[in-house]
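The values are calculated or read from the model by the stated rules, or taken from the named source; none is laboratory data. These figures come from a predicted structure and were not determined experimentally. Here the Cβ positions follow ideal geometry from the backbone for every residue, glycine too, while neighbour counts run over all protein chains shown. Accessible surface areas use protein heavy atoms only, side chains included; no ligands, DNA or RNA. Shrake-Rupley method; radii C 1.70, N 1.55, O 1.52, S 1.80 Å.
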Amino acid sequence: MSEQQTIAPSPAPVTPSAAMIRTLGIVASICGALIVSAYQITLEPVAANKKIALERAVFKVIPGAASVTEYLATPGGIQLGSDTVPAGAVKFYAAYDQAGALKGIAAEGAAKGYADVVRVLYAYSPEKQAITGVGVISMRETPGIGDKIYTDKNYLKNFEALDVRLSADLKSLANAVKVVKHGTKKNPWEIDAIAGATVTSKAVGRGINESAQKLLPLLVPHVDNVSRPSGRQSP
Amino acid sequence: MSESLSSIFIGTLLANNFVLAMFLGLCPFLGVSSRLNTAVPMGAATTFVMVVASLCAYGLNWLVGQFHMEFLRLISYIVIIASAVQLVEMFLKKNSPALFRALGIYLPLITTNCAVLGVALFQTAREYSFLQALTFATAGGAGFTLALVLMAGVRERLNFSTVPQVVQGTALSLMLAGLLSLIFMGFAGLGASAE
Amino acid sequence: MRERIELRTAPHIVQGNSVERIMLHVVLALLPIAGFSVWQYGISAMALILTVTLTCVATERLMNHLMGTPNSLTDWSATITGLLLALTLPPAFPLWMAVIAAIAAIVLGKFLFGGIGNNIFNPALVGRAFVQAAFPVSISTWAPAFSSHRFSEFIPTTLTLPLMTPPDISVWAKQALDGFTGATPLARWKFENVLATPHDFLTGAVTASAGETSAILILLGGLYLAARRFLDWRIPVAVLLSAALTAWAFQLYNPVRFPDPLFVMLSGGLLIGAIFMATDMATSPVTPKGVWIYGALIGVVTVIIRYFGGLTEGVMYAILIGNALAPLIDQVTRPRVFGEIKVKKS
Amino acid sequence: MSLPGQAVPSLMEEFLEGIWKQNPVFVMVLGMCPTLAVTVSAMNAVSMGLATAFVLVTSCLLISLVRNIVPSEVRIATYILIIATFVTVVDYAIQAISLAMYDALGAFIQLIVVNCIILGRAEAHAAKNPPMKATINAVGMGIGFTIGLFALGSVREIFGAGKLFGISLFGPDFQPWVVMVLPPGGFFVLGGWLLLFNWLKSRTPPAPAGVKVSEGHAHV
Amino acid sequence: MNFLPFFRRKTFARGIHPAGNKSTAGMPIRRMPFAPRMILPLAQHIGKPAVPIVRPGEEVVRGQPIARADGLMSLPLHAPADGVIEAIELKPSARGPWVNAIVLRVYEASTQEVRWATPPDVDALTPQEIVAAIQAAGIAGMGGAAFPAHVKLTPPKGTVIDTLIINGAECEPFLTCDHRVMLEYPQDVIRGIQLAMRACGAPRAIIGIEDNKLDAVEMLNRHAPADGRIRAEAVATKYPQGAAETLIYALTGREVPIGARSSAVGVLMNNVMTMAYIGRLIPAGEGVIERVVTVAGPSVVRPGNYLVSLGTPMRSLIEYAGAQGNEKQIILGGPMMGEAVASLDVPIVKGASGVLVMPEREIARRVYPCIKCGECVSVCPKGLNPSMLGMLAARREYDVMAEQFFIGECFECGSCSYVCPSHIPLVQQFRVAKGILKERAAA
């Protein structure tokens, strides 16, 4: 350990400021050129990768889908998705089958789990007004315990038809999605927690509830706008 | 996702401790933890720089977003951290020479402390709000200090032990860090189930 | 009158206490608890206790050999580590994992630091924390107490082949004991809001680690050791008192959500932890004030982990955290030296 | 690094230095944040090692090229700028190659910027040596770092998942040691490797002369 | 007002309770016959050794001065019997090194009569004259330290002494000589205290006696003058109650600050037997030639309190008291702080309060690493951390011991070693450390 060894410049002969600025300028321009060219070159492959990853995730929760379109649900209506998400807007994905019919809506939910944030993608069926599937995007939960949220069949059954109907005023869910203690599920809007992995299974429920409470009131009134694929559509 | 401030604080301080669970700031953790009287100022200085860096990074991220120049984010973060450290150093030198002397040798080291850059990068990745970022940085620094102080206490006591020759040095520090990390797993979930 | 006289330095009389005597009495106090767990869980518990203890002793001897240190089996500390570790494991724990736990306890917990007296953390708890992190599923797989065939057959997981995943025992457990839930009282409280009664705890009719449920025997052992000054009575008193007070405060705040202090004291490993593990001399503070702070800290952290953490049980981690803080506590609570009046802080 | 008064090391020695004598992971114990954080599997470890090696080699080359025109007052700033540039390049490159890998390595790719090895090499070697020598030395260091990471990642993957590079070694019934892929496992495995080296060193008689291996680890 | 003493026995914090073993307390003091040869070391006290004023071959009578004090921090020696000076040569001392001693061959016809005395007019003496008389009598602290008594009774310039404390605690196990002296010579004790009070100007004196000797408390209070300026008080039976700081604290509640002497809190302290000898010898104008010694220990046949002439070798003493044959160790002083003697030629000196003959210890005591049980911390009367000090000593970090852990405050009472379950020789390590620190300070 050499605490004393600092990076403070040693008292060398003073270099004129102009020289310093010139050198830094040269180096900075080289670096700038490198970064920008790297960015430009990788722009397309990265976008393609992201698209593939997104589709793979969406197709997993919405079986039978063949294409995905990104949208934003805003208080002013539905827009096509963009990179930046304005305040109050929620990003969601519409999935279509070969024929171009809407197969379902997918959106992300996230909540703090046991170790870190658990991010899930859930499928919403506008006709059933229910969640019809869920997949994990990322998590750092304890292997063997936390991963039950995608291996435990009984738990996954919760999401085959999870009721997320809106209340009469279309402002919020009629019944908040709730995770209940293992073995006490009574209502279709409840999720039966996994015994022994309660924290993680609760996080999934909380993430979905939080996201659905925001997304669905914006989406449901205008859901017809996305019934057909439009604009930026994947081949 | 709206994470509560208390949840961020407790989680970052204990369960997701920067050093013991996220492997950030390991070099100073292993290097400056042999004595308590250097561990505490080091922790304090790092925490301070982390908060400053977090605030700067928050503003910078907004700026970068305005101009759609995400590719400059990393480079601007590291520049701003290096400048922040320099500024802190100058400020202290002028206004609190005593504190400057106490922290002097650590300040330049903080530039290459990955916990500082880590705060900036993680708060960006998690899209924290201003207050969340501030809490995150404070808790991260406090957690770093906590780990440093615990380690220093233990190592000072081990000075009197008959630690076998093969274990001494960095190997022992790593094993100790592993044990502390194992212990901090007990905090897992704290702050998570705050409903 | 012999001319050969011996020269020793003062003092020429001693109390007659010794490390091996202290340790031997701790072993004796642990034996009834081990016996009770064998009565509860049958030959699986017996196999677990023997395997862990023998592995600890063998590892200790091997490490003596490797490190070139004198044989330290006679001080009984490895035996204590083994017994304590076995008593904190679930009775259905696969034996091969128990061996790993024992090796981790002795090597990581003890010899890394130079053997007896030098360790920072309680070795038994290091062993348990290691397998808790390594095998989170197995360490939370519980077997029913007082199943009818417990003396004639092993719990199916006990004899799992080394390195292999143990079988699912839920079906077996339900057959072995009707209405078995597979959860400890703490887990049942935390996840199902079902409170066990003090009667359940005292009779051992609950699901738990091998040595957690014999509250009376643990208390008796503790009283014996404390009366003979083989353990510092202040530590268990501080731990239990602070846990009870914290639990009581929470219960006042919200009686529906939080259980009563008695449940907190009897459930899980709080008793055995407070009496047999927090009191480990090498890993607890030496100063009189420090001992109280240390104990109180363990009690509070236990309750907080139990109430708000992801784990159902916090005693083990609370004690380890106490261990990690002990050197600092000692520094902060240095007693005032006689005549140290208005001493200038340098 | 060469000590004053010593014979000038040959290119081969320059190359081998980082692989064995001054291995950044096992001897200098530098750059531990990525060393421990991303080595949960052999694949991640090797990817991270190669990414770091790329940044190391390219930035050492560039720094060596500009070493004579950079005034000493701004040299650190220049080095950081150059390193950050190449890290950004690598960051995009990995995103383009495999998004899954990018997610697995997370923020630690960007944290290569503050990896002590790179700045340390830049300051201690590249800034004082011609491009050829600097590059060769950096390549050696990069390979050494990758080997170190692989040593960690393979052990952690074997115990933590029963696999190596995703290939199952013990059959489907293997019980993973979860602790190995958790943070404590990282510390224990690196600590274990160092113990092993210490033990081997203690068994062999001390080398007669030559470069004295510095105890502990240096900061830059 | 401090009411606490009414509810609590007077004592200090921490300490230990070793078994008393005071079976000799009931045995009256008996005179021991002269040994054929007496060895009189010139330095029986702390300070400069005495200077011989006799030559080999010279005949002396009992009570005759044979060496003079060499300055203020020194004491004279007196011949303990009629006889002839055989030699002035090096002889073994209790601590081991050989020291200069006057060897006296005793005439078999020597009587018990003291034949050299110059009685002064006691009532007319000024304080300075009392101090001078005490020095001339050769009286050293008889509790064990052997600090010249006249120096101990001279308050440093500028300090006012309000209390003279007389140490009758006798907290060491086995020892009962002070107890017997208090019971058998109460008038001497009181007279000595009165002289001492006059010498140092203290208006009152308190005799502190452990409460296992309540008969002595009662005896002394009965003989104390009616003005109440001298009183005996019981303190708790606890080791080390008889150390200066602990006894002063127990009796007055005053704490002597680190590095200061007891006079800083207005107190002087002296041993009770010293007082008895002052009270007996000053009026008679005689010198110290004998003292009461407890001979005890499991290996002694006839334990008891003996009036032994100074210079009597251990060999003669033990032959007289009888040894059981299993003796392994001879201790000069008490079992907690006494010295194991290296040779049977070591004589009884002014500070020798007891001779203990100990058998071999039954079990081998294996030394373990410190297990941090904290027993030593909970018994150290000075509030030190012997566990930490021991570890520091093992690593030779003597400066840290002195600067951060107050090793200088340790007075080697032995409580820590007594309780240590790991059998670490703590006191021994501390002695070495203190010795080295002293050397460094001198260098």
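So which residues of the range D:110-129 lose at least 50 Å² of accessible area, probe 1.4 Å, when you go from the chain by itself to every protein chain present?
D:110, D:111, D:114
State, in square angstrom and to the nearest 100, the accessible area buried between chains E and C, both chains counted, probe radius 1.4 Å. Could the numbers behind the result be given before it?
Numbers: alone 19780 and 17480 Å², together 32540 Å².
Answer for the E-C pair: about 4700 Å² buried.
Leaving out ligands and nucleic acids, and using a 1.4 Å probe, what accessible area per residue does chain D come to in Å²?
Working: 8560 Å² over 220 residues.
Accessible area per residue, chain D: 39 Å².
Ignoring any ligand, DNA or RNA, what whole percent of the accessible area of the protein assembly as shown comes from carbon and sulfur when the probe is 1.4 angstrom?
That fraction is 62 percent.
What shape does chain C have by the C-alpha gyration tensor, where a ≥ b ≥ c are the square roots of the eigenvalues, rounded means a/c under 1.5, and otherwise prolate means a/b greater than b/c and oblate the rest? Spell out each step's value before the answer.
Numbers: a/c = 2.01, a/b = 1.32, b/c = 1.52.
The shape class here is oblate.
Provide E:116, C:39, A:189, C:96 ordered by accessible surface of protein heavy atoms (probe 1.4 Å), highest first. Write down the numbers at each step before the final one.
Working: E:116 115, C:39 135, A:189 65, C:96 25 Å².
Per-residue accessible area, sorted high to low, gives C:39, E:116, A:189, C:96.
Would you mind working out the accessible area per residue for chain C, using a 1.4 Å probe, and quoting it in Å²?
Details: 13100 Å² over 346 residues.
About 38 Å² of surface per residue is accessible.
Counting partner chain Cβ atoms within 10 Å of every residue's Cβ in B:149-160, what's the average?
Details: counts 2, 5, 1, 2, 10, 9, 2, 4, 11, 7, 4, 14.
Neighbouring Cβ atoms belonging to other protein chains average 6 per residue here.
Taking +1 at the Cβ of each Lys and Arg and -1 at the Cβ of each Asp and Glu, which of C:193, C:247, C:208 sits farthest along the dipole of the range C:183-332 towards its positive end, judged by Cα position relative to the Cα centre?
My answer, from the dipole projection, is C:247.
So what are the ³J(HN,Hα) numbers for the range B:30-37, from phi and the Karplus equation (6.51, -1.76, 1.60; θ = phi - 60°), rounded to whole Hz, Gly and Pro as x?
Once θ is set to phi - 60°, the couplings for the range B:30-37 become 7, x, 10, 9, 7, 9, 5, 6 Hz.
For residue A:147, list long-range residues whose amide hydrogen, built 1.01 Å from N in the peptide plane, is under 5 Å from its own amide hydrogen.
HN-HN under 5 Å from residue A:147: empty list.
Taking each residue of C:159-165 in turn, how many C-beta atoms of other protein chains fall within 10 Å of its C-beta, and what is the average? Could the numbers behind the result be given before it?
On the way: counts 0, 2, 2, 1, 9, 6, 7.
Other-chain Cβ atoms within 10 Å of each residue's Cβ, averaged: 4.
Going by the alpha-carbon gyration tensor, a ≥ b ≥ c the square roots of its eigenvalues, is chain B rounded (a/c under 1.5) or, if a/c is not under 1.5, prolate (a/b greater than b/c) versus oblate? Don't skip to the end; give the middle numbers.
Values: a/c = 2.09, a/b = 1.32, b/c = 1.59.
It comes out oblate by the Cα gyration axes.
Sorting check: for B:137-145, D:58-66, which peptide has the highest mean count of neighbouring beta carbons within 10 Å, and how do the rest follow?
On the way: B:137-145: 26.3, D:58-66: 22.7.
Those peptides, ordered most packed to least, come out B:137-145, D:58-66.
³J(HN,Hα) across the range E:15-26 via Karplus (A = 6.51, B = -1.76, C = 1.60, θ = phi - 60°), whole Hz, x for Gly/Pro?
Computed from phi, the couplings for the range E:15-26 are x, 10, 10, x, 4, x, 6, 9, 5, 7, 4, x Hz.
Tell me the total accessible area that C and B bury against each other, 1.4 angstrom probe, in square angstrom rounded to 100. Before the final figure, lay out the partial values.
Numbers: alone 17480 and 10610 Å², together 25670 Å².
Roughly 2400 Å².
Using helices alone, what [θ] at 222 nm do you get for chain D, with -39,500 (n - 2.57) per DSSP H run of 4 or more residues, divided over all residues and rounded to the nearest 500? Please list the in-between numbers first.
Working: 8 runs with 128 residues, N = 220.
One gets -19500 deg cm²/dmol as the mean residue ellipticity at 222 nm.
Tell me, what is the percent relative contact order of chain B, built from C-alpha pairs under 8 Å that lie six or more residues apart? Please list the in-between numbers first.
Working: 226 pairs, mean separation 90.0, N = 195.
Relative contact order here is 46 percent.
Compute for chains A and B the buried accessible surface, both sides summed, probe 1.4 Å, and express it in Å² to the nearest 100.
Working: alone 14020 and 10610 Å², together 22680 Å².
Approximately 1900 Å² gets buried when A meets B.
Checking buried surface per residue: for the range C:9-41, which residues lose a minimum of 30 Å² accessible area in the protein assembly relative to the chain alone (1.4 Å probe)?
Buried on complex formation: C:9, C:10, C:11, C:12, C:13, C:14, C:15, C:17, C:19, C:20.
When ligands, DNA and RNA are left out and all protein chains stay put, how many square angstrom of accessible area per residue does the range E:123-284 have with a 1.4 Å probe? Mind dumping the intermediate values first?
Numbers: 5360 Å² over 162 residues.
Dividing the accessible area of the range E:123-284 by its residue count gives 33 Å².
Nearest 10 degrees, 0 to 90: what angle lies between the long axis of helix D:75-97 and the longest principal axis of chain D (Cα atoms)?
40 degrees
What is the sum of charges around residue E:375, taking Lys and Arg as +1, Asp and Glu as -1, for the other residues whose C-beta is under 11 Å from the C-beta of residue E:375?
Details: positive: C:229, E:14, E:372; negative: C:232.
Taking every other residue near residue E:375 into account, the sum is +2.
Mean residue ellipticity at 222 nm from the helices of chain C, using -39,500 (n - 2.57) per DSSP H segment of n ≥ 4 over the full residue count, to the nearest 500 deg cm²/dmol?
Theoretical 222 nm ellipticity from helices: -17500 deg cm²/dmol.
Going 7 Å from the Cα of residue C:65 along its beta-carbon direction, which residues of the range C:95-121 have the amide nitrogen within less than 14 Å of the resulting point?
From the range C:95-121, the list is empty.
Shielding by partners for A:21-28, please: the mean number of other protein chain Cβ atoms within 10 Å of each residue's Cβ. Don't skip to the answer; put the middle values down first.
Numbers: counts 1, 2, 9, 6, 0, 4, 12, 6.
The shielding value for this peptide is 5.
For chain D, what class follows from the C-alpha gyration tensor (a ≥ b ≥ c being the square roots of its eigenvalues): rounded when a/c is under 1.5, otherwise prolate if a/b is larger than b/c, else oblate?
On the way: a/c = 2.37, a/b = 1.32, b/c = 1.79.
Verdict is oblate for chain D.
Once the other residues with Cβ under 11 Å from the Cβ of residue E:34 are scored (Lys, Arg +1; Asp, Glu -1), what is the net sum? If you can, show how the numbers build up before the last one.
Details: positive: E:31, E:37, E:62, E:105; negative: E:82, E:108, E:290.
Its environment carries a net charge of +1.
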